[in-house]
Amino acid sequence: MYDWRQMTAAERRAALAARKACRHPWHGPPHEDYGEGSYHLTAACYEHEHFIGHTPERMARFEADLLDLLHAHSKTVWAWCVLPNHYHALTETGEIKTLLAALGMLHGRSSFQWNGQENTRGRQVWHRCEERAIRSERHFWATMNYVHHNPVHHGYVKRWEEWPYASARDFIQWVGREEAKRIWRAYPLLDYGKGWDDPRL
């Protein structure tokens, strides 16, 4: 569905029919429940607009609301990063579908609030949240690096700990700077994030 805009009308109809036949959501990947484990969660604002980052106060408030929700529905919140137009989190949970439903409600509440503040009722704010089950130790640490490196990757800061809306500073304090560097070298990002399922992880 990532190529939706490049599809012809007939290709779109065929894609939707196939998803409907499999009982998958029409315009997004299906949510799979792999049981208890760690998951990489990500959600982006519609058209990648900077709705979260409208003001620093909004960024801080959303980060706090997101963390409250993640802690309420996770055994462990390993990492998170909130950017102006999307966020990532690495959590351990045994109730992934419950967590995803709660995130959907957070998206709904924030959409209503922000559209009211900006007098844009009816504007779409969020895409659906996506989850990826962590498959191995390498996948886990590469995801940790990916989440913490995201503000650098997108050019907001030059160092992980400079971005205030993320867990990178806590992570570096937890493991130590030298261990954080070792983990970065041992579990490189490669093409992480381009296809979401890099077989090398």
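Any read-out appearing in this document is the output of simple, stated calculations on the displayed coordinates, not a laboratory observation. Just so it is clear, the structure is predicted and the values come from calculations on it, not from any experiment. Neighbour counts are summed over all protein chains in view; Cβ atoms, including those assigned to glycine, are modelled from backbone coordinates with ideal geometry.
At 7 Å along Cα-to-Cβ for each site, give me the label-to-label distance between ASP170 and HIS153 in nm.
2.1
Just to check I understand the Karplus step: with θ = phi - 60° and J = 6.51 cos²θ - 1.76 cosθ + 1.60, what whole-Hz values come out for the range 66-79, glycine and proline as x?
Once θ is set to phi - 60°, the couplings for the range 66-79 become 4, 5, 4, 5, 4, 5, 5, 10, 10, 6, 9, 9, 7, 7 Hz.
Once phi is turned into θ = phi - 60°, what whole-Hz ³J(HN,Hα) does the Karplus curve with 6.51, -1.76 and 1.60 give for every residue of the range 114-130, x standing for Gly and Pro?
Karplus values, whole Hz, x for Gly and Pro: 5, 5, x, 5, 9, 6, 10, 4, x, 5, 7, 9, 10, 8, 5, 6, 10.
Charges only on Cβ, +1 for Lys and Arg, -1 for Asp and Glu: so what's the dipole of the range 31-186 about the Cα centre, in debye to the nearest 20? Walk me through the intermediate numbers first.
Values: 18 positive and 20 negative charges, 70 e Å.
Dipole of the range 31-186, to the nearest 20 debye: 340 debye.
In debye to the nearest 20, how big a dipole does the range 98-137 give about its Cα centre with +1 on each Lys and Arg Cβ and -1 on each Asp and Glu Cβ? List each step's numbers first, then the result.
Details: 6 positive and 4 negative charges, 31 e Å.
Charge dipole, the range 98-137, about its Cα centre: 140 debye, nearest 20.
Ordered by residue, what ³J(HN,Hα) values in Hz, to whole numbers, does the range 161-173 give under the Karplus form 6.51 cos²θ - 1.76 cosθ + 1.60, where θ = phi - 60° and Gly and Pro are x?
6, 7, 8, x, 9, 7, 9, 4, 5, 5, 4, 5, 5
Once the Cβ-Cβ distance between GLU118 and HIS71 is put in as r, and R0 is 35 Å, what FRET efficiency do you end up with, to the nearest 0.05? Let's see the in-between values first.
On the way: r = 29 Å, r/R0 = 0.82.
FRET efficiency, GLU118 to HIS71: 0.75.
Starting from 0.36 nm per residue, how many nanometres of slack lie between HIS54 and ARG138 once their C-alpha separation is accounted for? Mind dumping the intermediate values first?
Values: separation 84, 0.36 × 84 = 30.24 nm, distance 3.54 nm.
Computed gain between HIS54 and ARG138 is 26.7 nm.
Measure out, as a whole number of angstrom, how far apart the alpha-carbon centroids of the range 51-91 and the range 92-127 sit.
Measuring centre to centre over Cα atoms gives 12 Å.
Amide H of ALA79: which non-local residues (sequence gap of 5 or more, or other chain) have their own amide H closer than 5 Å, using H built in the peptide plane?
Counting only residues 5 or more places away or on other chains, the set is LEU90.
Is the shape of the range 49-161 best called rounded, prolate or oblate, per the rule: a/c under 1.5 gives rounded, else a/b larger than b/c gives prolate, else oblate, with a ≥ b ≥ c the square roots of the Cα gyration tensor eigenvalues? Kindly include the intermediate steps, with their values, before the conclusion.
Details: a/c = 2.16, a/b = 1.32, b/c = 1.65.
Oblate shape, in that a/c is at least 1.5 and b/c is the bigger or equal ratio.
Under 5 Å between amide hydrogens, which residues at least 5 positions from TRP126 or on another chain qualify, with H placed 1.01 Å from N in the peptide plane?
The list, which skips near neighbours in sequence, is TYR46.
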